[in-house]
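K.L.:
Please see the structure below; I have some questions.
Only the coordinates and a few stated rules stand behind these numbers; no lab work does. These numbers come from a predicted model, not from an experiment. Cβ: placed from backbone, ideal geometry, glycine included. Neighbour counts: every protein chain shown.
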Amino acid sequence: MPRELLILRHAKSDWDSGAASDFDRPLAKRGKSDAPKVGAWLYREGLVPDHVVSSPAKRARQTATKVCKCLDIKKTQIIWEPSIYEGTVTQLLETLARCPPEAVTVLLIGHNPGLEQLILHLVGEDLEIPEDGKILPTATVARLEMPDDWGALECGSAELVSLIRPRALR
């Protein structure tokens, strides 16, 4: 069975929330409804991760919690990794390298531009950019087939299986 990486950008956030910082910005109403739709879709597709790692920023934390609830994954099983917030490709690759070697399916929840740059690195030149130019709008899941070693993720080493946007799940 091939390894898979599910890259999920946090759901739509509330820019008018009055949050003290970008890190503390919560989900918007649409984000609160999109996140469980994504979780339910992952569950229906049999894409239940063995390992979940998320940014601890409020909107990512809320997204992770809502998605994982649909997957019967407890909040205590989620790894909150601070380096994902504003993470570079190098930092995100280091995060993936720390995944348990026995994890077959990993769910990574975070932010742009880091996640889009990670996808570009992993898929390489074969990546077809969607018509609107956005690889990973909010609450979109990129499903990638991965090599056998989480610590050896060279440029172009993964294959994009699908990009699922929340509006496709309505």
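K.L.:
Which of rounded, prolate, oblate describes region 61-160, given a ≥ b ≥ c as roots of the alpha-carbon gyration tensor eigenvalues and a/c under 1.5 marking rounded, otherwise prolate only if a/b is larger than b/c?
P.N.:
In terms of gyration-tensor shape, oblate.
K.L.:
Then there is this: Take each of the peptides 18-31, 133-146, average the number of other beta-carbon atoms within 10 Å over its residues, and list them starting from the highest.
P.N.:
Output ranking for 18-31, 133-146: 133-146, 18-31.
K.L.:
Fewest Cβ neighbours within 10 Å first, please rank V67, V38 accordingly.
P.N.:
Least crowded to most crowded, the residues run V38, V67.
K.L.:
Compute the signed sum of charges (Lys and Arg +1, Asp and Glu -1) over the other residues within less than 10 Å, Cβ to Cβ, of P26.
P.N.:
+3
K.L.:
Could you work out [θ]222 nm for the chain from helices alone, using -39500 (n - 2.57) per DSSP H run of at least four and dividing by all its residues? Round to the nearest 500 deg cm²/dmol.
P.N.:
-9000 deg cm²/dmol
K.L.:
Something else now. Could you compute the net charge surrounding V104? Neighbours are other residues with a C-beta less than 12 Å from the C-beta of V104; K and R count +1, D and E count -1.
P.N.:
-4
K.L.:
If you don't mind, another one. Which option, (1) 1, 7, 14, 16, 14, 13, 11, 10, 7, 4, 2, 0, 0; (2) 1, 9, 16, 19, 20, 16, 11, 5, 2, 1, 0, 0; (3) 1, 9, 19, 24, 22, 15, 6, 2, 0, 0, is the value of P(r) over Cα pairs in 5 Å bins from 0, in percent that was calculated from these coordinates?
P.N.:
Given (1) 1, 7, 14, 16, 14, 13, 11, 10, 7, 4, 2, 0, 0; (2) 1, 9, 16, 19, 20, 16, 11, 5, 2, 1, 0, 0; (3) 1, 9, 19, 24, 22, 15, 6, 2, 0, 0, the structure-derived one carries the label (3).
K.L.:
If you don't mind, there's one more thing I want to ask. What residues qualify as long-range amide H neighbours of G156, i.e. H under 5 Å apart, gap of 5 or more or another chain, H built at 1.01 Å from N?
P.N.:
Close amide H contacts, sequence-distant or interchain: L122, V123, G124.
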